[in-house]
Amino acid sequence: MFQHIINSIGFHGPELLFILSIYWLYNKANYFNVYLIGFVMNFIFSYILKGVFKQPRPTDEQHLFAIEKIYRKNMSFERYGMPSCHAQMVFYSTGFVYLVLQDCYITGGYLLVSLLTLYQRVASSHHFVSQIIVGALLGLLVAWVFYKYGTKLVTGKLKHKRDDNGPI
């Protein structure tokens with residue numbers, strides 16, 4: 001029963017944190033929009049990297065995977081495991097929400113869901129530990145980049161005001 005709950009939270013971690021992020025960021029319009037764009041871009045980035053690395057998942061028999069890679073014209077990138085898209089997505093949400101809200105309790109909840117997701121991905125033999133570490137680090141990096149972009153949108157271009165009483 002307990003293992004089933006952990007597996008459910010881990011498998012649905014990206015969707016769960018996405019919905020929670022929408023709730024927490026909804027009143028912060030610029031950050032909300034940047035989060036949504038970043039979420040989609042992060043997913044696309046992960047998918048592209050799977051095609052670049054072409055590293056198999058732990059459940060694949062290595063010799064059969066190698067034969068399939070040679071003789072099959074089109075292999076879905078979902079067959080590859082590096083980086084872990086689940087890890088990348090949950091740590092993107094965790095990092096972005098932490099940077100925007102700076103709330104330890106919310107971040108703690110996000111971190112718990114993220115760690116359960118990492119555990120589930122390894123325990124169910126969907127990823128090697130290295131694949132989830134790389135995915136988590138990439139998710140944090142993408143979160144930081146989009147947060148910086150969102151901050152630039154929020155502050156806008158700051159211009160110096162001419163001093164009213166100063167010489168011309």
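The values are calculated or read from the model by the stated rules, or taken from the named source; none is laboratory data. In this text, all values refer to a predicted model and were calculated from it rather than measured experimentally. Ideal geometry is used to build each Cβ from the backbone, glycine not excepted, and the neighbour counts take in all protein chains shown. Ligands, DNA and RNA are stripped out before the accessible areas are found, and what is left, the full protein with its side chains, is counted by its heavy atoms. Shrake-Rupley method; radii C 1.70, N 1.55, O 1.52, S 1.80 Å.
Odds and ends about this structure:
- Out of Lys148, Lys159, Lys73, Lys152, one residue alone is modelled with pLDDT of 90 or more and exposed (fewer than 13 other Cβ atoms within 10 Å of the Cβ). It is Lys148.
- The stretch 98-122, subset part of a helix (DSSP H, G or I) and open to solvent by 60 Å² or more (accessible area, probe 1.4 Å), residue modelled with the lowest pLDDT: Tyr119
- Restricting attention to the stretch 1-42, the residues that are under 14 Å from Gly139 (Cα atoms) and surrounded by 16 or more Cβ atoms within 10 Å (Cβ to Cβ) add up to 8.
- Scanning the stretch 77-97 for residues that are modelled with pLDDT under 90 and in a helix (DSSP H, G or I), we see that the one that is nearest to Tyr23 (Cα to Cα) is His86.
- Residue check for Val134: assigned to a helix (DSSP H, G or I), in contact with a Gly (Cβ under 8 Å, 6 or more places away or on another chain) and at pLDDT below 95: no
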